[in-house]
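Enquirer: Okay, handing you the structure first.
The values are calculated or read from the model by the stated rules, or taken from the named source; none is laboratory data. Bear in mind that the values here come from a model prediction, so they are computed numbers and not experimental data. We place every Cβ from the backbone using ideal geometry, glycine too, and count neighbours over all the protein chains shown.
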Amino acid sequence: MVTGGTARLLISNGGEAPLELTVEPWAETHQFPLNQTWVVVTHSPAADGSWSGTLRGNEPFQVDHRPESVTVWVNGNCFHLSDAEGNAIDSADWQCPAQGSAS
Ligand SMILES: [Zn+2]
């Protein structure tokens with residue numbers, strides 16, 4: 001396991017309408033229902049838990065909110081999207097350093 005390279009982000013829709021949630025740079029888009037909390041997890045291949053590809057300093061996530069949409073930029077190798085109960089919604093985990101090489 002890569003403990004130093006894990007980042008978790010909770011996102012909640014406490015607004016008045018569903019939002020379009022986009023996870024970049026994979027451009028995965030989902031309807032984000034009202035009154036839900038989802039969890040975005042990403043992993044870094046760096047043992048010290050540093051993050052590459054950031055716009056500003058060593059940040060694992062950036063969130064851009066607009067009136068009807070929210071975009072989560074993930075700066076790790078992978079993302080794992082689940083609901084508050086831990087049920088998987090989507091992922092791009094083929095380069096996930098925490099899952100090891102399955103092949
Ligand atoms: Zn991962």
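Enquirer: What are the pairs with Cβ atoms under 7 angstrom where one residue, in region 70-89, is on the phi < 0 side of the Ramachandran plot and the other, located anywhere, is of a type in the set (D, E, K, R) and within 11 Å of the ligand (Cβ to nearest atom)? Sequence gap at least six, or different chains.
Expert: Qualifying pairs under 7 Å: Cys78/Asp93; His80/Asp93.
Enquirer: Would you pick out the residues in region 48-72 that are under 20 Å from Gln95 (Cβ atoms) and either at pLDDT below 95 or outside any strand (DSSP E or B) (or both)?
Expert: The first filter runs over region 48-72 and keeps only residues under 20 Å from Gln95 (Cβ atoms), leaving 48-54, 58-62, 72.
Once the filter is applied, which keeps residues that are under 20 Å from Gln95 (Cβ atoms) and either at pLDDT below 95 or outside any strand (DSSP E or B) (or both), region 48-72 yields Asp48, Gly49, Ser50, Trp51, Ser52, Gly53, Thr54, Asn58, Glu59, Pro60, Phe61, Gln62.
Enquirer: Looking at the structure I just gave you, is Ala7 assigned to a loop (DSSP other than H, G, I, E, B) and in contact with a Ser or Thr (Cβ under 8 Å, 6 or more places away or on another chain)?
Expert: So Ala7 does not fit the description; no.
Enquirer: Among (1) within 20 Å of Asn87 (Cα to Cα); (2) away from the ligand (no atom under 16 Å from the Cβ), which single condition is Val70 missing?
Expert: The failed condition is (1).
Enquirer: Hey, among the residues in region 10-25 that are more than 16 Å from the ligand (Cβ to nearest atom) and part of a loop (DSSP other than H, G, I, E, B), which one's nearest to Phe79 (Cα to Cα)?
Expert: Asn13
Enquirer: Starting from residues that are more than 13 Å from the ligand (Cβ to nearest atom) and part of a loop (DSSP other than H, G, I, E, B), keep the ones in region 73-100 and report whichever is surrounded by the most Cβ atoms within 10 Å (Cβ to Cβ).
Expert: If we filter region 73-100 for residues that are more than 13 Å from the ligand (Cβ to nearest atom), which is where we start, we get 73, 83-87, 89.
From the residues that got through so far, the ones that are part of a loop (DSSP other than H, G, I, E, B) too are 84-87.
On the way: Ala84: 11, Glu85: 7, Gly86: 7, Asn87: 7.
Here the answer is Ala84.
Enquirer: So which residues in region 54-67 are within 16 Å of the ligand (Cβ to nearest atom) and either touching a helix residue (DSSP H, G or I) at 6+ places or on another chain (Cβ under 7 Å) or under 12 Å from Pro25 (Cα atoms) (or both)?
Expert: Residue satisfying the conditions is Phe61 alone.
Enquirer: So in region 26-47, with the set limited to residues that are under 17 Å from Ala88 (Cα atoms) and without any contact (Cβ under 8 Å) to a residue 24 or more places away in the chain, which one is nearest to the ligand (Cβ to nearest atom)?
Expert: If we filter region 26-47 for residues that are under 17 Å from Ala88 (Cα atoms), which is where we start, we get 26, 28-33, 36-43.
With without any contact (Cβ under 8 Å) to a residue 24 or more places away in the chain added as a condition, the list becomes 29, 31, 33.
Values: Thr29: 20, Gln31: 23, Pro33: 24 Å.
Per the stated criteria, the residue is Thr29.
Enquirer: State all residues of region 34-88 that are within 24 Å of Leu19 (Cβ to Cβ) and among the acidic types (Asp, Glu); if no residue qualifies, say none.
Expert: Passing the criteria: Glu59, Asp64, Glu68, Asp83, Glu85.
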